[in-house]
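Reviewing the structure listed below.
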Amino acid sequence: SIAALGRLLLSRPVQIVTYSALILAQASNPRAELVVIGGQYNAHQNMFTGLLAEQMLRDFRFQHAFIGCYGMSVAEGKCFDLDMASTNMKLIAMEHAAQRYLLVDDSKLEKKGFYTLADLSSFDKIYTTKPKTRMKLPKNLEIV
């Protein structure tokens, strides 16, 4: 999950740009340089979204973008989110990144959300926990 990755990265000497309040809440004594994108607080998603946040995010270029989603359909080759505001933030981050990674736990496999986020082929790697059922997985999927 994004929160677990945040805990790991905050303890390393890296630069992190985030709009996630979950990451900010974990940053009590980070080794990482942390930049928090501001905007309207979306309590349901626990992140900052909206026009101001989108404008700020567009100013950055990333080596890696780690993206979470609400659900992923291997059958359709797509991942989904709950709303357009969080989807827009994720799409901007993906646009400005050299490498894109989707983080999705197995509970989100074959789960659809309200809004299509991206095709699975848009990601360089997809990381998930071991699926509980057998299914044909995309080539770029790695089980961790």
Quick one: in region 1-18, which of the residues that are in a loop (DSSP other than H, G, I, E, B) and out of contact with any strand residue (DSSP E or B) (no Cβ under 9 Å at 6 or more places or on another chain) is least open to solvent (accessible area, probe 1.4 Å)?
SER11
Members of region 90-99 that are more than 9 Å from the chain's Cα centre (by Cα) and either open to solvent by 50 Å² or more (accessible area, probe 1.4 Å) or not aliphatic (A, V, I, L, M) (or both):
LEU91, GLU95, HIS96, ALA98, GLN99
Scope region 75-95; condition closer than 22 Å to ASN42 by Cα and part of a loop (DSSP other than H, G, I, E, B); matching residues
LEU82, ASP83
Among the residues listed as ALA21, ALA25, ALA32, ALA85, the single one being of a type in the set (A, V, I, L, M, F, W, C), loosely packed, with under 14 Cβ neighbours inside 10 Å and out of contact with any Asp or Glu (no Cβ under 7 Å at 6 or more places or on another chain):
ALA25
Reported set for region 40-69 where residues are in a loop (DSSP other than H, G, I, E, B) and of a type outside the set (Asp, Glu) is ALA43, HIS44, GLN45, ASN46, GLY50, PHE60, ARG61, CYS69
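Report yes if MET72 is in a helix (DSSP H, G or I), crowded, with 19+ Cβ neighbours inside 10 Å and not hydroxyl-bearing (Ser, Thr, Tyr), otherwise no.
On the way: in a helix (DSSP H, G or I): no; crowded, with 19+ Cβ neighbours inside 10 Å: yes; not hydroxyl-bearing (Ser, Thr, Tyr): yes.
Answer is no for this residue.
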For region 47-77, which residues satisfy the criterion of being over 18 Å from ILE92 (Cα atoms) and under 13 Å from the mean Cα position of the chain (by Cα)?
GLY71, MET72
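The values are calculated or read from the model by the stated rules, or taken from the named source; none is laboratory data. Here the structure is a predicted model, which means the values were calculated and not measured. So basically every Cβ, Gly included, is an ideal-geometry build from the backbone, and we count neighbours across all protein chains shown. Keep in mind that these areas ignore ligands, DNA and RNA; they rest on the heavy atoms of the full protein, side chains included. Shrake-Rupley method; radii C 1.70, N 1.55, O 1.52, S 1.80 Å.
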